[in-house]
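Reading through the C-alpha cells given below for one structure.
The values are calculated or read from the model by the stated rules, or taken from the named source; none is laboratory data. Since we're looking at a predicted model, the values are computed, not measured. Cβ sites come from the backbone with ideal geometry, for glycine too, and all protein chains shown count toward neighbours. In case anyone asks, the SASA skips ligands and DNA or RNA and just uses the protein heavy atoms, side chains included. Shrake-Rupley method; radii C 1.70, N 1.55, O 1.52, S 1.80 Å.
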Amino acid sequence: MNTSRHPIQCLIPDYVLVEIAKQGDAEEREAALNTLAVSTTLRSARSQAEAARMAAGPAVVATQGLREPAVDRIIRDAKNTRDTGAPIVRKEGDPPVGDAAVDEAYDHFGHTWTFLFEVLARNSIDNAGMTLDGVVHYGKNVDNAFWDGDQMLFGDGSGTWFTRMTKSLTVAAHELGHGVIQCDGPLVYQGESGALNEHLADVFGVMVHQWLLGQTAEDADWLVGAEILAEGVQGRALRSMKDPGTAYDDPKLGKDRQPAHMKDLVITLEDNRGVHINSGIPNRAFYETAIALGGFSWERAGRIHYATLGHPQLRPNSDFRRFARLNHRVATQMYGANSTEADAVAHGWNAVGVEL
Ligand SMILES: [Zn+2]
C-alpha cells in the first residue's frame, strides 16, 4: 500500500528523533525510538482506516451540513496509552477540568475553530461542522503531535527535548490545519507537494496565533512550536518561517535543516523526501509576501493562500513552482492584475528563488 498518499502527519520529523537516538544516552535513545515507533504504528493504522473508509463508501456525511455553525470539541485522555478511543474527559461547554493538557487542547481548538469561522468563513475542518476530536497524554513520553486523518493526538513530550505538545497554539493549529488541507487540497505527503502540505499547516499555525494576539506581520515572531522545546535545549522553536534554518542548533537535537531559498533545496530520501525540511522555502515566501503587504497576515496573504489551497486547479502532486503560479493567479483574480497583492505574492516567491 502506498503510505505516502494517506500518511500520518506529524509535527516533529523522524530525522530529529533519529538524531536524538544517535546522540543520546541509553535512556534517551529508548525514548526517541519509542516516539519513532509510535509514528510508524500510527502510519499503518492510518492506512488501514483509509482502506476501510473507502470500502464503506461515502454514505454518512449527508446530514452534517445541516448543523448550525458552532464549535464542537471533545478531548480524550489516553492516560499514557495509545488508545485513540479513550474516554472523553471534556466535551463542548464543559468547564476546565484542571488538567493542563486537556484544557490547553480544548482552548486551542476553540481559537482555531473561531479563526476558521470568522476569518475564512469555514465551518470547522471539513466546512461541515466536524467535531474537533483531540487525544491528550497520548503514549508515554511521546515527543510528537499528530493528525491521523480523524483526530489530533498530543504526546506529553519526554521533558528532555520537548515538553507537552499542547503548550503551543501554533502546534495545535498546525495539526488542525492538516485536517483542512486534507479536505481541500489533498497534497501528496512526499517531496515538494508534501513540503507544501507542511508549509500550509505552518501557515495555519502562525496565523491563528497572530490573530489571537492581534499581531501584525511585522510584530509577529513567525515561530512554530516556540513553547515545546524543553528547558536547556538550544533553540527558539521547532521552525522559523521568518528565518528557516535558525530555529534550533542543539548538540542532541541537531541543527534546524530548513533551507530558505531554492538554491539550498535539500534532496533527500529522509522525511518523505524532505517535507519538514524544504517547507522552509514556501514558509519564507509567505513571510516575505505578508511583510510586503504589511498589516495582518491573515487579511490578504492568508486569504490568497487559503483560496489557492481550495482552488480546483491545485494538483495533489503540485510542486513549488506550480503552487506559486496558481498562488499568483489567485491573487490576480482576487485583487487585480497589477494590484499590490499580486505584486507582493510575486515578490514573495521571487525572494526564495521560485520563478513564476
Ligand atoms: Zn505537520
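Evaluated against (1) crowded, with 21+ Cβ neighbours inside 10 Å; (2) within 17 Å of A217 (Cβ to Cβ), D343 falls short on exactly one condition, (1). Among the numbered criteria (1) open to solvent by less than 50 Å² (accessible area, probe 1.4 Å); (2) more than 30 Å from F117 (Cβ to Cβ); (3) within 16 Å of the ligand (Cβ to nearest atom); (4) not in a helix (DSSP H, G or I), which single criterion is violated by P259? Just one mismatch for P259, condition (3).
In the range 296-311, how many residues are open to solvent by less than 10 Å² (accessible area, probe 1.4 Å) and part of a loop (DSSP other than H, G, I, E, B)? Adding up the residues that qualify gives 1.
The C-beta contact set for the range 139-151 (first residue touching a residue at least 40 places away in the same chain (Cβ under 8 Å), second residue basic (K, R), distance under 7 angstrom, 6+ apart or interchain) comprises G139/R82; D148/R46; G149/R46. Within this structure, G179 fails the test of being within 10 Å of the ligand (Cβ to nearest atom), assigned to a helix (DSSP H, G or I) and either in the same structural domain as T308 (by TED's automatic domain parsing) or among the small types (G, A, S) (or both). The set of residues in the range 5-19 being modelled with pLDDT under 80 and more than 14 Å from the ligand (Cβ to nearest atom) consists of R5, H6. Just to be sure before I move on: is F323 within 16 Å of the ligand (Cβ to nearest atom) and in a helix (DSSP H, G or I) in the structure I sent? No. Starting from the range 337-356, keep only residues that are modelled with pLDDT of 95 or more, then list their pairs with residues that are open to solvent by 20 Å² or more (accessible area, probe 1.4 Å) and of a type in the set (V, I, T) whose Cβ atoms are within a distance under 7 Å, requiring at least 6 positions of separation or different chains. Correct list of pairs: A342/T332. In summary, K140 fulfils each of the numbered conditions (1) in a loop (DSSP other than H, G, I, E, B); (2) under 23 Å from F117 (Cα atoms); (3) open to solvent by 20 Å² or more (accessible area, probe 1.4 Å) with the single exception of condition (2).
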